[in-house]
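To keep things clear, I will list the structure first and then write my remarks on it.
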Amino acid sequence: MTFEEYNRLKENIDYHMDRYYNQDEPEISDYEYDQLMIALKGAEKEHPDWISPDSPSQKIGGTVKREAGVKVTHRVPMLSIEDVFDKEAVTAWVNKVREMHPDAVFSVETKIDGLSMTLRYEKVEGTDSMKLALAETRGDGLVGEDVTLNALVIPDVRKTLKLPYDYLEIRGEVYMTHEDFDRFNEEQERLGKKLAANPRNLAAGTLRQLDSSITKERGLRMFIFNVQDAPADFLADHGASLDRLAACGVQTVYHKNCATAEEVLACIDEIAGMRAELPYDIDGAVVKINQTAYRNDFPSGSKYSSGHIAYKYPPEERVVEMDEIIVNVGRTGKLTFTGSFHDAETGKPARLCGTSVSRATLHNQDYITDMSIGVGGHYRLFKSGEIIPKLNGCVKEPETVFVAPSVCPVCGHALIREEDTADIRCVNPSCPAQLSRTVAYFTSRNCMDIAGLGDTLVEALIREGYLRNYADIYKLRAYRDEMVEKGIIGKEKNTDKLLDAIDASKKQSPVRLLTALGIRNVGRSTANELMKHYEKIQDLAKATEEELVQLPDIGSTTAGDIVEFFSDSENLRMIEELAKSGVNMVMEKEEGGSDRLAGMTIVVTGTLPTLGRSEAKELIEKNGGKCTGSVSRKTTLLVAGEAAGSKLTKAQELGIKVISEAELLALIHGQKTI
Ligand SMILES: [Zn+2]
């Protein structure tokens, strides 16, 4: 690859990256995109000097990729604590310690479900204060990452300590409260972004952020649970050292000294009882020998801290009472069912694996019936894979099991239950729940191709009451002055530009109009096939199922969908309105049409010198060819333009004939044969 080719490839990838990440409208498949990236990385491996920060290989979705944190070797290894899962094991361990050291005391503490961080403090010369010198994550226990800049924005992390020592190292748990976690996820949901799985994961990601302003905004907290290194007198009594830190304003973990196994177990239960009320997550209770000098007598392997055990609480499951079954109509018309409930014991949202849960999807009517779901029923709730809340069986039956409505809760149109899935759907294209989707589809490039009438504007026009169905698009001109005044589309110039584009779209082929109607199972190629046999849309509207199944490529499902669509009086009225507005319903007797490409399956790739992608497709179809998106053994010809990528490679591999646009035109005009 030459440097020039490399630069072109970079531009090409940038373009597709933008389509994918910023415009949400990819033009190529993920596979093709990956192929471009592989080619780019291959070139960069061969010519490392070509790499610059603006290379797509250095970016993640438009932002520059961050460097990983700086590694730090821990002075004192950050070990784990050995888990035990039953109380007998706790008793046995406590008794073993007491046998050797009858005066042993045990500190029982909450085990915060977060991530570990160590803080190093150093003396400020000439004072009896210390300042934070370094904050490090646990990493593999021996080497972690320097996260000092982020630690500085955590309010619980003291920047200075009023202690007269040269050196102090303390360890604690960084966590996120339920409130901060829920706030983050609500915002993500509002933005349509990915939700965080639980507060621990989010806290970990937040602490390792390279932009500390993000860390600050999300809100992290910290509890100190151990002194890693300090002068001997400070270290000796664990509980006392935590109390001394607390006196300096340090947030220390809940801890209580216990003398016997009975006291230890009672404290473990006490912490379990606090669990539901705590504003953050804990996943167990830690039991430590309070006299640090005794700890090394009870080693438990190189991975674990000596003289510590952690009792883990059993996995969480809550019983919830169903309050409401919420029915929504999705943008595709599909009904969704969501159960809204509260914890039968606490009366609040259920706390499970670190999140507060008050809703779960109920899938479909079959699921609802099988699970006997209804208002007042009690159900076991758990989280599958710690992320998605799921109902797990009925504990107490409701008085009545919920039954889905028979008409759309949004528009009142009769609902269709699909045979093969248990889905229930509203198929009214003017249904307000689906309108923004149906209109945006109608105007899209593959349909009526009205440039400038995209999602955002469609939504604004619906909100302002100008669009109640897609026939209304062609009535917009009547409201020109009003819209200019309100500035919905823009000022005069932009408004006129859009209205002109709408008028121009009236001349589009009925194939596009038929596609735009959004009849189920009728995409562009089916529409094309159909309109070869009907002179106008209104003729197709009169076709019977028997007639339609005679056509090539039309199965009984599609035929049924078409007949159903045109038997709806509301849809017929809309077709009439479109016709009245001057939208073209009649197939032109095609000039220049031929059957010179009959029987050929043709793929177009790259940028052609004169023809746009859809123009090329139309031209191929007009001349009897079939235009498909991907190269396979069935492909007859590949028309390749500038910057043709993986399709070209594949065609060459399969030995498929590759031609230029000029050769395609020559073929169509009968000046050439293959
Ligand atoms: Zn509806």
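Below, the figures for the structure above:
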{"quantity": "The stretch 452-482-the stretch 312-348 distance, computed between alpha-carbon centres (Å)", "calculated": "37"}
{"quantity": "Restricting the stretch 248-324 to GluC sites (Glu not before Pro) in coil, as DSSP defines it, with at most 14 other Cβ within 10 Å", "calculated": "277, 317"}
{"quantity": "Length-normalised contact order of the stretch 604-674 in % [C-alpha pairs under 8 Å, at least 6 apart]", "calculated": "34"}
{"quantity": "Global geometry of the stretch 510-580, whether rounded, prolate or oblate, following the gyration tensor of its Cα atoms and the 1.5 cut on a/c", "calculated": "prolate"}
{"quantity": "Long-range HN-HN contacts of residue 134 with modeled amide H, under 5 Å", "calculated": "120"}
{"quantity": "For the chain, calculated [θ]222 nm from helices alone, where every DSSP H run of n ≥ 4 adds -39500 (n - 2.57)", "calculated": "-10000 deg cm²/dmol"}
{"quantity": "Spin-label pair residue 654/residue 4, simplified geometry with 7 Å Cα→Cβ offset, distance in nm", "calculated": "3.1"}
{"quantity": "Violating pairs (Cα-Cα greater than 25 angstrom) within the set 475/507; 159/303; 71/194", "calculated": "159/303; 71/194"}
{"quantity": "Derived scalar couplings ³J(HN,Hα) [the stretch 533-550; Karplus, 6.51 cos²θ - 1.76 cosθ + 1.60; whole Hz; x for Gly, Pro]", "calculated": "10, 10, 6, 9, 4, 4, 5, 4, 4, 8, 5, 9, 4, 4, 5, 5, 5, 6"}
{"quantity": "Loop GluC sites (Glu not before Pro), the stretch 625-674 (other Cβ atoms within 10 Å of the site Cβ: 12 or fewer; DSSP)", "calculated": "none"}
{"quantity": "Segment residue 34-residue 82, length gained on full extension (0.36 nm per residue, minus Cα span)", "calculated": "12.9 nm"}
{"quantity": "Sorted by Cβ density within 10 Å, fewest first, the residues 411, 426", "calculated": "411, 426"}
{"quantity": "10 Å Cβ shell holding at most 16 others, DSSP loop, chymotrypsin sites (Phe, Trp or Tyr not before Pro): longest site-free stretch of the chain", "calculated": "166-674"}
{"quantity": "Set of aspartates and glutamates near residue 288 by C-alpha distance (under 12 Å), chain-local residues within fewer than 8 positions excluded", "calculated": "82, 109, 237"}
{"quantity": "Point-charge dipole on Cβ atoms (K/R +1, D/E -1) for the chain, about Cα centre, debye to 20", "calculated": "980"}
{"quantity": "Förster-model FRET efficiency, 56 Å R0, residue 217 and residue 547, C-beta, rounded to 0.05", "calculated": "0.35"}
{"quantity": "Estimated dipole of the stretch 68-312 in Debye, rounded to 20 [Cβ of Lys and Arg +1, of Asp and Glu -1, Cα centre]", "calculated": "600"}
{"quantity": "Percent of beta bridges antiparallel (DSSP, the chain, rounded to nearest 5)", "calculated": "85"}
{"quantity": "FRET efficiency estimate (nearest 0.05) - Cβ-Cβ, residue 414 to residue 359, R0 25 angstrom", "calculated": "0.35"}
{"quantity": "Linear extension gain, residue 366 paired with residue 459, 0.36 nm per residue minus alpha-carbon span", "calculated": "30.1 nm"}
{"quantity": "Histogram of C-alpha separations across the chain, 10 Å bin width, %", "calculated": "3, 11, 15, 17, 17, 15, 11, 7, 4, 1, 0"}
{"quantity": "Loop-located trypsin sites (Lys or Arg not before Pro) in the stretch 292-360 whose Cβ has at most 16 other Cβ within 10 Å (DSSP)", "calculated": "303, 331"}
{"quantity": "Helical segments meeting 27 Å axial Cα length and Kyte-Doolittle 0.5 threshold in the chain (DSSP H)", "calculated": "none"}
{"quantity": "Partners for residue 486 among aspartates and glutamates (Cα-Cα distance below 12 Å; same-chain residues under 8 apart left out)", "calculated": "464"}
{"quantity": "All aspartates and glutamates inside 15 Å of residue 162 as judged from Cα atoms, apart from same-chain residues fewer than 8 positions distant", "calculated": "122, 125, 128, 243"}
{"quantity": "Charge dipole of the chain about the Cα centre (unit charges at C-beta), most positive-ward option of 289, 28, 117", "calculated": "28"}
{"quantity": "Selected from 101, 376, 249, residue furthest toward positive end of dipole (the chain; charges at beta carbon)", "calculated": "249"}
{"quantity": "Over 20 Å (Cα to Cα) - which of 216/312; 536/622; 10/647; 622/650; 542/617; 193/334 fall in this group", "calculated": "216/312; 622/650; 542/617; 193/334"}
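Each reported figure results from applying straightforward, stated rules to the coordinates on display, with no laboratory input. Fair warning: this is a prediction, and the values are worked out from it, not measured in the lab. Glycine gets a Cβ as well: all are built from the backbone with ideal geometry, and neighbour counts include every protein chain shown.
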